[in-house]
Amino acid sequence: MSDTPDSAVRTYTEQHRTAFLDDLAEWLRIPSVSAQPEHEEDVRRSAEWLSAKLKETGFPVTEIWETAGAPAVFAEWPSDDPEAPTVLVYGHHDVQPAAREDGWDTDPFEPVIRDGRMYGRGAADDKGQVFFHTLGVRAHLATTGRTTPAVHLKLLVEGEEESGSPHFRALVEQQAARLAADAVIVSDTGMWDETTPTVCTGMRGLAECEIELHGPGQDIHSGSFGGAVPNPATAVARLVAALHDADGRVAIPGFYDGVTELTDTERALFAELPFDEATWLRAAKSQATTGEAGYSTLERIWARPTAEVNGIGGGYQGAGSKTIIPSSALVKLSFRLVAGQDPDRVQQAVRAWAEAQFPAGVRHRITFAPATRPCLTPLDHPALQAVARAMGRAFGQKILFTREGGSGPAADLQDVLGAPVLFLGISVPSDGWHAPNEKVELDLLLKGVETAAHLWGELSAALR
């Protein structure tokens, strides 16, 4: 009995498993830590290694793109079908700092395999998840008899994601014509857990600000002047207290303008996930949940905007007492944004609201960091359904849907290129991103290969 297409992909993947893992281990040995200047040449060496490996894979175009910081890698493999859609895969080749003394059982840059897992910095975040596309496209070609992919395939693998992607948007804007695509696949994400394959449909955006308040020209005696001059520490406390209403909603006028509300279908799909609140609270090192009334915990962290106090200070904080009116105080705030919110409008609303809270005699300065836009792909989008079908073929089970509560550069791709962003990741929470003993489950990594092999045909059909 001949192989079905799905089993043929699985057979091809298993036949090339050893060489694939050997290559990945070789890449992981390059300590491409973008945050540490002493590894600048290692980051470049990582880019050069990947560029050469992509050429070896069959990509006819591989380039290293310079930025004001670390280099990115671009590769392109046009389809011989002129009507084929164009798909861009995003990932990153830089990694977090790591040292044996941080708590690693083995050298973080000398990968080891044990118990069906590969341990090493970058195994999951993000070299492993970038690299499964190399074997995936080869399996796609070998099992379909094609000589080129079913889509015009492009890859963009940046070198500064772990340093906040400071030059990424400028690179995307500069190279927008080369990066033009009908869909973007982000392989820098994960699944719910080892037995629950999921597809992420979106990430929240982020706006951050620091508010400095200044009152007296210096700290002054609270007995001589207290109750008669404005206290900037009190003003900060009042500002923070006014940030939310009694139902946990952000009380800034205009903050919710444009928010894309959850549909009943999305809420039902979230509820299908095997979420245990007690387990989640233990992971959060917390004793109780809280947040906006009327929403579940998952809905709050995935699909609702938030305002958080990240830091607050002012006045004397040493041992004992020092009875003063402090001359200054500050608070750091962050706002997670969801689809439909515009970061510029949110910043304007925050500024107007904050300035209305300050009493006379208190000077202020409000400083915003560069914002990250939210991104969301609707559940019924053909490209999203294609990703779910490809993953379902690889895993042989129903695929559920999640969102990400955090933020990332994927929104820049959606914003600049105007293409839907889809997330394809096989990492799981136990992989320990950014932590000692980071690892990737090898069976899941190979499922990523299979998913990528199926994906190009699925997207070719879905995007026409």
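The values are calculated or read from the model by the stated rules, or taken from the named source; none is laboratory data. Computed from a predicted structure; not experimentally measured. Positions of Cβ are backbone-derived with ideal geometry, glycine not excepted, and every protein chain shown enters the neighbour counts. For accessibility, only protein heavy atoms count, side chains too; no ligands or nucleic acids. Shrake-Rupley method; radii C 1.70, N 1.55, O 1.52, S 1.80 Å.
For Q36, work out the one condition from (1) open to solvent by 40 Å² or more (accessible area, probe 1.4 Å); (2) within 20 Å of V449 (Cα to Cα); (3) of a type in the set (S, T, N, Q) it doesn't fulfil.
The failed condition is (2).
Based on this model, can you work out whether A207 counts as crowded, with 24+ Cβ neighbours inside 10 Å, closer than 28 Å to T367 by Cα and small (G, A, S)?
yes
Would you mind finding the one in D42, D81, D105 that is within 30 Å of L463 (Cβ to Cβ) and either of a type outside the set (A, V, I, L, M, F, W, C) or in contact with an Asp or Glu (Cβ under 6 Å, 6 or more places away or on another chain) (or both)?
On inspection, the qualifying residue turns out to be D81.
Identify, by number, the condition in (1) open to solvent by less than 20 Å² (accessible area, probe 1.4 Å); (2) aliphatic (A, V, I, L, M); (3) out of contact with any Cys (no Cβ under 8 Å at 6 or more places or on another chain) that V421 doesn't meet.
Of (1) open to solvent by less than 20 Å² (accessible area, probe 1.4 Å); (2) aliphatic (A, V, I, L, M); (3) out of contact with any Cys (no Cβ under 8 Å at 6 or more places or on another chain), only one is false for V421: (3).
I'd like to verify a number: residues in region 180-205 that are among the charged types (D, E, K, R) and without any contact (Cβ under 8 Å) to a residue 12 or more places away in the chain, how many? Outline the logic, then answer.
Here is the first cut: in region 180-205, the ones among the charged types (D, E, K, R) are 182, 188, 193-194, 204.
Keeping just the survivors that are without any contact (Cβ under 8 Å) to a residue 12 or more places away in the chain gives none.
Number of matching residues: 0.
Just to be sure, is F368 more than 23 Å from T196 (Cβ to Cβ) and of a type in the set (F, W, Y)? First the steps, then the outcome.
Values: more than 23 Å from T196 (Cβ to Cβ): yes; of a type in the set (F, W, Y): yes.
Considered against the rule, which asks whether it is more than 23 Å from T196 (Cβ to Cβ) and of a type in the set (F, W, Y), F368 comes out as yes.
Just to verify a result, which residue in region 332-379, among those that are closer than 29 Å to C200 by Cα and out of contact with any Leu (no Cβ under 9 Å at 6 or more places or on another chain), is least open to solvent (accessible area, probe 1.4 Å)?
Q341
Within region 210-229, is even one residue touching a Gly at 6+ places or on another chain (Cβ under 7 Å), open to solvent by 20 Å² or more (accessible area, probe 1.4 Å), outside any helix (DSSP H, G or I) and within 27 Å of V309 (Cα to Cα)?
Yes, the conditions are met somewhere in region 210-229.
Would you please name the residue that is farthest from G258 (Cα to Cα), looking only at residues in region 352-365 that are touching a residue at least 60 places away in the same chain (Cβ under 8 Å) and part of a helix (DSSP H, G or I)?
Ranking the candidates gives Q357 first.
Let's see how each residue does on (1) farther than 16 Å from P31 by Cβ; (2) within 16 Å of the chain's Cα centre (by Cα); (3) not small (G, A, S):
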{"site": "H92", "(1), (2), (3)": "no, yes, yes"}
{"site": "P97", "(1), (2), (3)": "no, no, yes"}
{"site": "F132", "(1), (2), (3)": "yes, no, yes"}
{"site": "A139", "(1), (2), (3)": "yes, no, no"}
{"site": "T143", "(1), (2), (3)": "yes, no, yes"}
{"site": "V151", "(1), (2), (3)": "yes, no, yes"}
{"site": "L155", "(1), (2), (3)": "yes, no, yes"}
{"site": "A170", "(1), (2), (3)": "yes, no, no"}
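Among the listed residues L88, L54, which satisfies the condition of being of a type outside the set (F, W, Y), in a helix (DSSP H, G or I) and surrounded by 14 or more Cβ atoms within 10 Å (Cβ to Cβ)?
L54
Could you please find all residues in region 164-198 being touching a strand residue (DSSP E or B) at 6+ places or on another chain (Cβ under 8 Å), under 22 Å from E404 (Cβ atoms) and surrounded by fewer than 17 Cβ atoms within 10 Å (Cβ to Cβ)?
E194, the sole residue that qualifies.
Under 7 Å between Cβ atoms, which residue pairs at least 6 apart in sequence (or on different chains) link something in region 406-426 that is farther than 11 Å from R169 by Cβ with a partner that is of a type in the set (V, I, T) and modelled with pLDDT under 90?
S407/T372
Taking the conditions exactly as written (touching a residue at least 12 places away in the same chain (Cβ under 8 Å), more than 30 Å from A352 (Cα to Cα) and open to solvent by less than 80 Å² (accessible area, probe 1.4 Å)), does F270 satisfy them or not?
Working: touching a residue at least 12 places away in the same chain (Cβ under 8 Å): yes; more than 30 Å from A352 (Cα to Cα): yes; open to solvent by less than 80 Å² (accessible area, probe 1.4 Å): yes.
Yes, satisfied.
Confirm whether E160 is buried (at least 24 other Cβ atoms within 10 Å of the Cβ) and either hydroxyl-bearing (S, T, Y) or at pLDDT 95 or above (or both).
For E160, the condition - buried (at least 24 other Cβ atoms within 10 Å of the Cβ) and either hydroxyl-bearing (S, T, Y) or at pLDDT 95 or above (or both) - is met.
Which count do you get for residues in region 393-416 that are among the aliphatic types (A, V, I, L, M), over 20 Å from G159 (Cα atoms) and either touching a strand residue (DSSP E or B) at 6+ places or on another chain (Cβ under 8 Å) or open to solvent by 20 Å² or more (accessible area, probe 1.4 Å) (or both)? Step through it out loud before you land on a result.
Applying the first criterion (among the aliphatic types (A, V, I, L, M)) to region 393-416 yields 394, 399-400, 410-411, 413, 416.
Within this subset, residues satisfying the condition of being over 20 Å from G159 (Cα atoms) are 394, 399-400.
Still in the list and also either touching a strand residue (DSSP E or B) at 6+ places or on another chain (Cβ under 8 Å) or open to solvent by 20 Å² or more (accessible area, probe 1.4 Å) (or both): 399-400.
Total meeting the criteria: 2.
When you look at W302, is it open to solvent by less than 30 Å² (accessible area, probe 1.4 Å), of a type outside the set (D, E, K, R) and either closer than 30 Å to P197 by Cβ or touching a His at 6+ places or on another chain (Cβ under 9 Å) (or both), yes or no?
In short, yes.
Within region 311-331, take every residue that is surrounded by fewer than 16 Cβ atoms within 10 Å (Cβ to Cβ) and out of contact with any Lys or Arg (no Cβ under 6 Å at 6 or more places or on another chain) and give me the one that is nearest to G215 (Cα to Cα). Give the derivation first.
Applying the first criterion (surrounded by fewer than 16 Cβ atoms within 10 Å (Cβ to Cβ)) to region 311-331 yields 311, 313, 316-323.
Next cut, out of contact with any Lys or Arg (no Cβ under 6 Å at 6 or more places or on another chain) only: 313, 317-323.
Numbers: G313: 14, Q317: 18, G318: 21, A319: 24, G320: 23, S321: 20, K322: 17, T323: 16 Å.
Here the answer is G313.
Consider only pairs whose beta carbons are under 8 Å apart and that are at least six residues apart or on different chains; among these, list those whose first residue lies in region 284-309 and is within 21 Å of V350 (Cβ to Cβ) and whose second residue is of a type in the set (S, T, N, Q) and at pLDDT below 95.
From residues that are within 21 Å of V350 (Cβ to Cβ), there are no pairs.
Applying the selection to region 431-449, what residues are open to solvent by less than 10 Å² (accessible area, probe 1.4 Å) and farther than 15 Å from Y119 by Cβ?
L446, G448, V449
Mind listing whichever residues of region 91-129 are open to solvent by 10 Å² or more (accessible area, probe 1.4 Å), on the phi > 0 side of the Ramachandran plot and touching a residue at least 40 places away in the same chain (Cβ under 8 Å)?
Listed by number, the residues that qualify are G103, G116.
Which condition from (1) part of a helix (DSSP H, G or I); (2) in contact (Cβ under 8 Å) with a residue 60 or more places away in the chain; (3) open to solvent by less than 40 Å² (accessible area, probe 1.4 Å) is the one that L281 breaks?
(2)
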